[in-house]
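The values are calculated or read from the model by the stated rules, or taken from the named source; none is laboratory data. Everything numeric here is computed off the predicted structure, so don't read it as measured data. Here the Cβ positions follow ideal geometry from the backbone for every residue, glycine too, while neighbour counts run over all protein chains shown.
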Amino acid sequence: MIRVVLPQHLRTLAGVDSEVELEVPEPTQRSVLDALEARYPVLRGTIRDHGTAKRRDFIRFFACGQDITLESADEPLPEAVSSGAEVFRVVAAMAGG
Amino acid sequence: MSGVRLLVGTRKGAFILTSDGTRDDWDVQGPLFAGWEMYHLNGSPADPDRLYASQSTGWHGQVVQRSDDGGNNWETVGNEFAYDGVPGTHQWYDGTQHPWEFARVWHLEPSHDDPDTVFAGVEDAALFRSTDGGQTWQELSGLRGHPSGENWQPGAGGLCLHTILIHPDDPKRMVIAISAAGVFRTEDGGETWIPSNKGLRSRELPDEEREVGHCVHNLAMNPSRPDTVFMQKHWHVMRSDDGAESWEKVSGNLPSDFGFPVAVHAHEPDTIYVVPIESDSEHVPPEGKLRVYRSRTGGNEWEALTNGLPQEHCYVNVLRDAMSVDTLDPGGVYFGTTGGQVYASPDGGDSWTAIVHDLPAVLSVEAQTLS
């Protein structure tokens, strides 16, 4: 079970409170986001672009206190995230002053 | 009983202001979608309770919302605006070629007779249509595919398609405006488009009278006289009497003919409204006085409307989609400012009252007349 934490605007959009729990057999950035968008289609296009699946510029991904944004989208996530001990965090970067 | 509903988009959410036909007391609902930029909300003429809203942020991109009950409940609908085919390039600020990239929806224009059909004007400039209530969007790519497309260049706010006028009797006839490409019209429902900028002169251009490249800020038309179209251009207020084919300048005695919105009275097709702004480098009202100017002669002869508007120390702007009219009698006029005020005039501009003073910067105001 994967625990995903979304930024506030996306929680509102998806109608969820704090964490989202997903079953993802082989969790990677890509597979977790695929599962997230499948569960909540309103999030399509808000984290990754439609079509290209390119990460939006001001979105970053954190796991176990580390910024894993630039790692391969197909790299397995840390064991602590896969086991649900730690969360996979989608972060809206601080920008705009 | 008749009433008015104002759909107000701001930098930080949407607000719905409602009143009965007296337009004296207003109920304020909101913020809806707090924290999001709400570029535009609009209602279907065929079903006033069907609303569409453009919601976006720099972080999460574009979202489109739909309401079927006048704004009490909303449903997130489709947000995939995919350009048709290989998008190609347009001209960038520095004159180089730049890929077409979708940024946001500036304007939503529902069909006159079908609540499920709605047009979206977007940045980078293109026209999209949905026929399923906003669930899916298809580009009318004949516009962006016009041979002049690769020469279109963004204005300061981006390369945005911001105005969509649908002919009241023939929905295949539409006029749209792009900053800073100009006006285009179609007579076949959007398959083919004709640049419609004859008579526009832009002194910023090396060739003042070129076919495209004009920074048109807004268009307005009274449905009872659809071939007469009014324009607020970057500089100059213009008028067309041949369905936007050609234009003549009607700035007349305006203190400045720079500005953003233009509106036409619902029952008097020669009564028009603009808000003069000092210049393109200042973007504030001349002399710190917020004045709506009204012409009852279709331009050239203008009177300042000041009753109820601040006449000193006022340095707000009124953006292109932030003025609207209702269809009651007497006709009402409304506008919102970058300072967060929404002003209402129930008497055609003779007197004004601020419905609200302190909203976030207002991006758009649409008036719905309710029966």
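Given the structure, is A:Met94 within 12 Å of another protein chain (Cβ to nearest Cβ), more than 16 Å from B:Ser56 (Cα to Cα) and not charged (D, E, K, R)?
Criteria met by A:Met94.
For A:Val5, indicate whether it is under 17 Å from B:His60 (Cα atoms), more than 14 Å from every other protein chain (Cβ to nearest Cβ) and either surrounded by 12 or more Cβ atoms within 10 Å (Cβ to Cβ) or without any contact (Cβ under 8 Å) to a residue 60 or more places away in the chain (or both).
On the way: under 17 Å from B:His60 (Cα atoms): yes; more than 14 Å from every other protein chain (Cβ to nearest Cβ): yes; either surrounded by 12 or more Cβ atoms within 10 Å (Cβ to Cβ) or without any contact (Cβ under 8 Å) to a residue 60 or more places away in the chain (or both): yes.
Against the criterion (under 17 Å from B:His60 (Cα atoms), more than 14 Å from every other protein chain (Cβ to nearest Cβ) and either surrounded by 12 or more Cβ atoms within 10 Å (Cβ to Cβ) or without any contact (Cβ under 8 Å) to a residue 60 or more places away in the chain (or both)), A:Val5 qualifies.
Only residues that are surrounded by fewer than 16 Cβ atoms within 10 Å (Cβ to Cβ) and within 28 Å of A:Thr12 (Cα to Cα): list them for region B:13-28, please.
B:Asp27, B:Val28
Please go through region A:41-56 and pick out each residue that is in a loop (DSSP other than H, G, I, E, B) and either more than 10 Å from chain B (Cβ to nearest Cβ) or free of Cβ contacts under 8 Å to residues at least 12 places away in the same chain (or both).
Across region A:41-56, the qualifying residues are A:Arg44, A:Gly45, A:Asp49, A:His50, A:Gly51, A:Thr52, A:Ala53, A:Lys54, A:Arg56.
Out of region B:39-74, which residues are within 14 Å of another protein chain (Cβ to nearest Cβ), over 17 Å from A:Leu10 (Cβ atoms) and outside any loop (DSSP other than H, G, I, E, B)?
B:Ala53, B:Ser54, B:Arg66
Among the residues of region A:65-76, is any touching a residue at least 24 places away in the same chain (Cβ under 8 Å), within 11 Å of chain B (Cβ to nearest Cβ) and loosely packed, with under 12 Cβ neighbours inside 10 Å?
No, every residue in region A:65-76 fails to be touching a residue at least 24 places away in the same chain (Cβ under 8 Å), within 11 Å of chain B (Cβ to nearest Cβ) and loosely packed, with under 12 Cβ neighbours inside 10 Å.
Suppose the filter is within 9 Å of chain B (Cβ to nearest Cβ) and either assigned to a loop (DSSP other than H, G, I, E, B) or surrounded by 13 or more Cβ atoms within 10 Å (Cβ to Cβ) (or both); does A:Leu36 pass it?
Against the criterion (within 9 Å of chain B (Cβ to nearest Cβ) and either assigned to a loop (DSSP other than H, G, I, E, B) or surrounded by 13 or more Cβ atoms within 10 Å (Cβ to Cβ) (or both)), A:Leu36 does not qualify.
I'd like to check something: does region B:172-181 contain any residue that is among the charged types (D, E, K, R), surrounded by fewer than 18 Cβ atoms within 10 Å (Cβ to Cβ) and without any contact (Cβ under 8 Å) to a residue 60 or more places away in the chain? Reasoning before the result, please.
Our first condition is that a residue be among the charged types (D, E, K, R); within region B:172-181, this holds for B:172-173.
Next cut, surrounded by fewer than 18 Cβ atoms within 10 Å (Cβ to Cβ) only: B:172.
The next check asks that each one be without any contact (Cβ under 8 Å) to a residue 60 or more places away in the chain; those that pass are B:172.
Looking through region B:172-181, at least one residue is among the charged types (D, E, K, R), surrounded by fewer than 18 Cβ atoms within 10 Å (Cβ to Cβ) and without any contact (Cβ under 8 Å) to a residue 60 or more places away in the chain.
Give the residue that is nearest to the other protein chains (Cβ to nearest Cβ), with candidates limited to residues of region B:75-117 that are surrounded by fewer than 18 Cβ atoms within 10 Å (Cβ to Cβ) and of a type in the set (D, E, K, R).
Filtering region B:75-117 for residues that are surrounded by fewer than 18 Cβ atoms within 10 Å (Cβ to Cβ) and of a type in the set (D, E, K, R), the one nearest to the other protein chains (Cβ to nearest Cβ) comes out as B:Glu80.
Considering B:Val64, B:Val4, which residue is over 23 Å from B:Gln135 (Cα atoms), at pLDDT 95 or above and surrounded by 15 or more Cβ atoms within 10 Å (Cβ to Cβ)?
B:Val4
Does B:Val105 qualify as being out of contact with any Phe, Trp or Tyr (no Cβ under 7 Å at 6 or more places or on another chain) and modelled with pLDDT of 95 or more?
Spelling it out, it is not the case that B:Val105 is out of contact with any Phe, Trp or Tyr (no Cβ under 7 Å at 6 or more places or on another chain) and modelled with pLDDT of 95 or more.
Could you list, in sequence order, the residues of region A:5-31 that are assigned to a strand (DSSP E or B) and among the charged types (D, E, K, R)?
A:Glu19, A:Glu21
On the given criteria, is B:Asp24 touching a residue at least 40 places away in the same chain (Cβ under 8 Å), over 26 Å from B:Thr136 (Cβ atoms) and more than 14 Å from every other protein chain (Cβ to nearest Cβ)?
Yes, satisfied.
So for region B:82-96 (the condition being under 22 Å from the mean Cα position of the chain (by Cα), assigned to a strand (DSSP E or B) and not acidic (Asp, Glu)), does at least one residue qualify?
No, the conditions are met nowhere in region B:82-96.
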